[in-house]
Amino acid sequence: MRKERVVIIGSGPAGMAAALYTARAQLAPTVIIGNQLGGQAAITHEIDNYPGFPEGISGPELMERMKAQAERFGAKFEWDMVTEVDFTHGTPFTVRTYNETYLADSVIVTIGADPRKLGIPGELEGIGRGVSYCGTCDGFFFRGKNIFVVGGGDSAVSEAIFLTRFANHVTLIHRRDTLRAGVALQKRFFENEKISVIWDSVLEEILRDESGTVNAARVKNLKTGEVQIMPTEGVFIFIGHDPNSPIFARQLAMNEAGYVITDERYRTSVEGVFAAGEIQDEIWRQVATSVGQGTGAAMSAIHWLEENEERLQSLDAEPTAGD
Ligand code: NAP
């Protein structure tokens with residue numbers, strides 16, 4: 001059992017910013033890294049829109065720098081995964097991981113969101129063999145190939161444009177006949193000669209050759225009902241994200257989509273527990289906005305700990321079971 005002032009769950013941009021601010025407030029936060037140091041940003045090849053890096057910076061390098069900066073002020077990073085939390089009895093909160101049980105005066109949840117899956121046959125089996133959820137990570141492997149992109153939002157459209165840097169041709173498959181993406185992106189998209197669109201259609205199955213590599217997909221037109229097997233060398237899926245919130249079920253209030261509900265100070269439904277980044281933000285989803293949210297959550301946690309200092313100290317003095 002380890003007693004901490006602040007436990008930060010997740011090590012993406014929001015978690016890194018929260019670690020930096022709480023570390024500089026002398027709170028020696030512990031960051032539970034999760035399955036990817038730096039979160040989704042760390043699997044982004046090039047980040048060109050994070051202020052301060054005029055030449056751009058690779059995702060892994062940016063996240064390593066953020067970690068080093070937080071460590072400089074005393075943040076502790078643990079290569080571990082949270083398995084269970086108990087926020088029901090108030091502070092100190094219990095955070096269980098594979099290797100440790102933490103008792104934390106306050107918790108900052110920055111566990112992010114993962115790419116949504118289509119849930120069709122061949123999808124999971126094809127990951128790493130032609131199915132991808134990250135153009136910036138995997139586009140390079142599709143040089144000269146003909147690929148599909150699924151979705152009609154900003155992500156699908158911007159990634160489709162990006163993928164034309166590598167692919168011979170990109171076919172976007174969308175379930176409706178209009179795109180959800182912004183107007184400026186759509187203009188660049190429709191002007192790109194390497195892109196074509198199949199409207200009103202969904203993938204029903206991703207097919208693979210004997211070696212397991214993606215070589216076709218079964219595509220259904222929702223208006224006509226027609227089903228076609230269409231050859232393709234890759235399928236990139238951008239249909240939104242699912243927040244990594246099941247572990248907080250019955251612990252924190254969430255909206256219908258599973259995003260943790262916070263107020264303008266990043267306070268959750270449990271006093272002393274804060275949330276920042278893509279676990280509570282389904283709109284902006286940028287490294288820069290997550291950093292801002294993580295900073296806000298950390299400042300709220302710092303104020304809350306200050307305001308409750310006496311109460312927390314008296315709780316510390318109480319004997320616990322096992323003492
Ligand atoms: P999104 O806006 O929710 O779009 C998801 C797309 O996937 C929609 O077109 C949706 O179709 C489609 N879709 C959802 N479930 C599907 C399914 N099961 N089968 C087939 N298609 C499915 O998600 P996003 O594009 O990831 O964007 C998320 C947020 O980040 C948005 O607020 C977006 O503006 C922002 N963002 C901004 C930028 C930027 O450059 N400004 C870049 C990326 C993301 P329908 O249209 O029919 O619902």
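The values are calculated or read from the model by the stated rules, or taken from the named source; none is laboratory data. What you see is a predicted model; the values in this text were computed from it and never measured. Cβ placement follows ideal geometry from the backbone for every residue including glycine, while neighbour counts extend to all protein chains displayed.
So how many residues does region 171-185 have that are over 22 Å from Asn221 (Cα atoms) and within 11 Å of the ligand (Cβ to nearest atom)?
3
Can you name every residue in region 35-57 that is outside any loop (DSSP other than H, G, I, E, B), among the small types (Gly, Ala, Ser) and without any contact (Cβ under 8 Å) to a residue 40 or more places away in the chain?
Matches in region 35-57: Ala42 only.
Just to verify a result, which residue in region 249-281, among those that are buried (at least 16 other Cβ atoms within 10 Å of the Cβ) and farther than 22 Å from Leu305 by Cα, is nearest to the chain's Cα centre (by Cα)?
Here the answer is Glu278.
One line per residue, one yes/no per condition, for (1) closer than 20 Å to Tyr266 by Cα; (2) in contact with an Asp or Glu (Cβ under 8 Å, 6 or more places away or on another chain):
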{"site": "Val6", "(1), (2)": "yes, yes"}
{"site": "Lys67", "(1), (2)": "no, no"}
{"site": "Ala70", "(1), (2)": "no, no"}
{"site": "Ala75", "(1), (2)": "no, no"}
{"site": "Thr83", "(1), (2)": "no, no"}
{"site": "Thr88", "(1), (2)": "yes, no"}
{"site": "Tyr98", "(1), (2)": "no, yes"}
{"site": "Ala104", "(1), (2)": "yes, yes"}
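For region 206-224, give me each residue that is more than 16 Å from the ligand (Cβ to nearest atom) and outside any loop (DSSP other than H, G, I, E, B).
Leu207, Arg208, Val214, Asn215, Ala216
Here are the criteria: (1) surrounded by 22 or more Cβ atoms within 10 Å (Cβ to Cβ); (2) within 16 Å of the ligand (Cβ to nearest atom). Tell me which single one Ala297 does not satisfy.
Every listed condition holds for Ala297 apart from (2).
On the basis of being within 20 Å of Phe142 (Cα to Cα), more than 14 Å from the ligand (Cβ to nearest atom) and among the small types (Gly, Ala, Ser), does Ser196 make the cut?
Yes.
Any idea which of Arg188, Arg165 is within 12 Å of the ligand (Cβ to nearest atom) and either over 24 Å from Asp114 (Cβ atoms) or free of Cβ contacts under 8 Å to residues at least 24 places away in the same chain (or both)?
After ruling out the rest, the residue left standing is Arg188.
Which of the strands (runs of 3 or more DSSP E) contained wholly in region 225-323 include at least 1 residues that are modelled with pLDDT under 95?
Per the criteria, 241-243.
Does any residue of region 143-161 turn out to be among the hydroxyl-bearing types (Ser, Thr, Tyr), within 16 Å of the ligand (Cβ to nearest atom) and under 20 Å from the mean Cα position of the chain (by Cα)?
So far as region 143-161 goes, yes, one or more of its residues are among the hydroxyl-bearing types (Ser, Thr, Tyr), within 16 Å of the ligand (Cβ to nearest atom) and under 20 Å from the mean Cα position of the chain (by Cα).
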